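The values are calculated or read from the model by the stated rules, or taken from the named source; none is laboratory data. These numbers were taken from a predicted model, which means no experiment stands behind them. Cβ placement follows ideal geometry from the backbone for every residue including glycine, while neighbour counts extend to all protein chains displayed.
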Amino acid sequence: MMSTIVSFPPDFVWGVSTSAYQIEGALQEDGRGPSIWDELAAIPGRIWNGDDAEVACDSYHRYEEDIALMKELGVKAYRFSVSWPRIYPQGDGPINPKGIEHYKRFVAKLLENGIEPFCTLYHWELPQALQEKGGWESRGTIDAFVRFAETMFREFDGMIKHWMTFNEPWCIAINGHLLGRHAPGIRSWPSALQVAHHVLVAHGLTVRKFRELGTQGQIGYAPDMYWYEPFSRKQDDVDAAYRAFSIYNWFVEPVFKGTYPDRMKAWFQTKGAEPDILPGDMELIAEPIDFLGLNFYGGNIVRSKPGNNYLDLEHVDLGYEKSDKGWFIFPEGLYLMLNWITDHYGSIPIYITENGACFNDEVVDGKVDDGRRIAFLQNHIAELGRAIESGVNLKGYLTWSLMDNFEWAFGYSCRFGLVHVDYRTLKRTPKESYYWYRKLIRKNWLELESR
Ligand code: GBH
């Protein structure tokens, strides 16, 4: 038996991630306005089991307990999001001071406990009032978003030093406006592409605003990316893998290069979709960022299948291990992706801002034995070691998620947390993976056993 040690730089940032809507609950409290997700959850059949986020993990009230759990875990950073409709209940109307006060108390508590706040401005909570004016299809939403961002920069300057504009623009555009699985539940190619473009413009304008204001700290965003391999070397399969990869990269290439990939543009045209792009938009989108937040969940082997899904392809199941949601677990994809980003866009500082898996964890005699999550974490973290050795400018790893939470259209049916949440009693129970991660953070190195 041999063992390998993977060690991490002393300033490597270990952390955990969540988002407001998934954990806070208290949707009617302190003047919060409705969001597009409240609207979607009210439509029967849109969320698994009729679940909603009214209570979720009740973190709006229990954040001190959550922070204590993080402190005990030893994380240096916590990635959370701010609920836009708590700050601007109508999106572009008057500000709600109670919303600001809530996040001030919360961020102060994090800082008091030595935990660095990583704040996402948009983790999918569009105020419903803005949706009624066209949502992300309308440029008015861009202006409203930048105003919200400016308020946050001014109010939290010096407290929050790591900002992300958008979480997963792919999900916003494709899940929300093409597949209709996420709010606002639209199904249209032209809508999806227009939204994609507007979200990116809003990102660029926000970065510009951040610089203009001279806000302290760093700004980036958090796209999700997946690694795809063609099933065979047949040209059709290679093209299918290209499409699968490029649809995510549609949200990355313009940020770094100021252009959309030509081959994808042509393919979108075959779907009748071409976004309106105003002069100056592409320069805005390419406004330089300080770091990339990468959300990585896996990848797939794909082959061409015209008409099968929105990409005219199918996933091939070669029997590899999957999480309980059926997603293919592919740790090496993380290494490949980090190198791919570095090769194409240079040595940008990268944080893994999400990486995790859902398993059907249960509490048995006060314990949650989630060995499969430990294996998932260990295998992915081992790939980080290879990436660092390859020269990737990797700064940190923030796992998804601190605790089980409201998994969007899947409701409470998937558990991603290091901490188990009993949704009846709201009791938090650290899982075995929590103790494993705590040990890793303390040591700052990982020992891999191999035969
Ligand atoms: C993230 O979304 C979200 O940011 C976060 O809020 C959420 O809780 C978390 O991940 C867990 O889902 O069919 O094998 O091709 C990730 C969304 C999940 C969308 C994987 C695409 C494709 C899997 N992505 N999915 S597969």
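In the condition set (1) within 18 Å of the chain's Cα centre (by Cα); (2) under 26 Å from VAL252 (Cα atoms), ALA387 is compliant with all but (1).
On the basis of being away from the ligand (no atom under 16 Å from the Cβ) and of a type in the set (Val, Ile, Thr), does ILE100 make the cut?
Numbers: away from the ligand (no atom under 16 Å from the Cβ): yes; of a type in the set (Val, Ile, Thr): yes.
Taking the combined requirement at face value, the residue satisfies it.
In the range 338-362, the residues that are away from the ligand (no atom under 16 Å from the Cβ) reach residues that are among the aromatic types (Phe, Trp, Tyr) and modelled with pLDDT of 95 or more with C-beta atoms within less than 6 angstrom, at least six apart or across chains, in these pairs: TYR345/PHE256; PRO349/PHE291.
Just to verify a result, which residue in the range 127-136, among those that are surrounded by 21 or more Cβ atoms within 10 Å (Cβ to Cβ) and touching a residue at least 60 places away in the same chain (Cβ under 8 Å), is nearest to THR206 (Cα to Cα)? So the residue we want is TRP136.
Among the listed residues ASP370, ASP365, ASP312, ASP324, identify the single one that is within 16 Å of the ligand (Cβ to nearest atom), surrounded by fewer than 16 Cβ atoms within 10 Å (Cβ to Cβ) and not aromatic (Phe, Trp, Tyr). Just one listed residue meets the conditions, ASP324. Taking the criterion of being of a type outside the set (Ser, Thr, Tyr), at pLDDT 95 or above and part of a loop (DSSP other than H, G, I, E, B), would at least one residue in the range 236-249 satisfy it? Taking every residue of the range 236-249 in turn, none turns out to be of a type outside the set (Ser, Thr, Tyr), at pLDDT 95 or above and part of a loop (DSSP other than H, G, I, E, B).
From the set of residues in the range 108-145 that are of a type in the set (Gly, Ala, Ser) and within 22 Å of the chain's Cα centre (by Cα), which is farthest from the ligand (Cβ to nearest atom)? Walk me through how you get there before you give the answer.
Residues of the range 108-145 of a type in the set (Gly, Ala, Ser): 108, 114, 129, 134-135, 138, 140, 144.
Cutting the leftovers down to within 22 Å of the chain's Cα centre (by Cα) gives us 135, 144.
Numbers: GLY135: 19, ALA144: 22 Å.
Residue satisfying both the conditions and the ranking: ALA144.
Among the residues making up the range 393-423, those that are in a loop (DSSP other than H, G, I, E, B), within 15 Å of the chain's Cα centre (by Cα), near the ligand (Cβ under 10 Å from one of its atoms) and among the hydrophobic types (A, V, I, L, M, F, W, C) are PHE406, PHE416.
Could we say that GLU389 is among the acidic types (Asp, Glu) and touching a Ser or Thr at 6+ places or on another chain (Cβ under 9 Å) here? Please lay out each step first, then the result.
Values: among the acidic types (Asp, Glu): yes; touching a Ser or Thr at 6+ places or on another chain (Cβ under 9 Å): no.
It is false that GLU389 is among the acidic types (Asp, Glu) and touching a Ser or Thr at 6+ places or on another chain (Cβ under 9 Å).
Within the range 369-392, being under 22 Å from SER59 (Cβ atoms) and either without any contact (Cβ under 8 Å) to a residue 12 or more places away in the chain or part of a helix (DSSP H, G or I) (or both) holds for one residue alone: ARG373. Within the range 424-451, being part of a loop (DSSP other than H, G, I, E, B) and either on the phi > 0 side of the Ramachandran plot or under 23 Å from the mean Cα position of the chain (by Cα) (or both) holds for LEU426, LYS431, ASN444. Looking across the range 384-413, just one residue is touching a Gly at 6+ places or on another chain (Cβ under 8 Å) and of a type in the set (Asp, Glu), and that is ASP404.
Of everything in the range 41-65, what is closer than 25 Å to LEU126 by Cβ and among the acidic types (Asp, Glu)? Give them in sequence order. Break it down stepwise before answering.
The initial filter retains those residues of the range 41-65 that are closer than 25 Å to LEU126 by Cβ, namely 41-61, 63.
Correct list: ASP51, ASP52, GLU54, ASP58.
Residue-level check: of (1) within 14 Å of the ligand (Cβ to nearest atom); (2) in contact with a strand residue (DSSP E or B) (Cβ under 7 Å, 6 or more places away or on another chain); (3) in a loop (DSSP other than H, G, I, E, B), PHE296 misses just (3).
Within the range 272-296, the residues that satisfy the criterion of being surrounded by fewer than 15 Cβ atoms within 10 Å (Cβ to Cβ) and in contact with a Phe, Trp or Tyr (Cβ under 7 Å, 6 or more places away or on another chain) are GLY272, GLU274. Taking the condition farther than 22 Å from ALA240 by Cα, under 20 Å from the mean Cα position of the chain (by Cα) and modelled with pLDDT of 95 or more, does ILE277 pass? No. For the criterion of being under 18 Å from the mean Cα position of the chain (by Cα) and not in a loop (DSSP other than H, G, I, E, B), VAL195 passes.
Does LEU284 fit the bill of being within 16 Å of the ligand (Cβ to nearest atom) and of a type in the set (A, V, I, L, M)? It is false that LEU284 is within 16 Å of the ligand (Cβ to nearest atom) and of a type in the set (A, V, I, L, M). Among the residues making up the range 209-231, those that are away from the ligand (no atom under 16 Å from the Cβ), under 19 Å from ILE142 (Cβ atoms) and out of contact with any helix residue (DSSP H, G or I) (no Cβ under 7 Å at 6 or more places or on another chain) are ARG211, GLU212.
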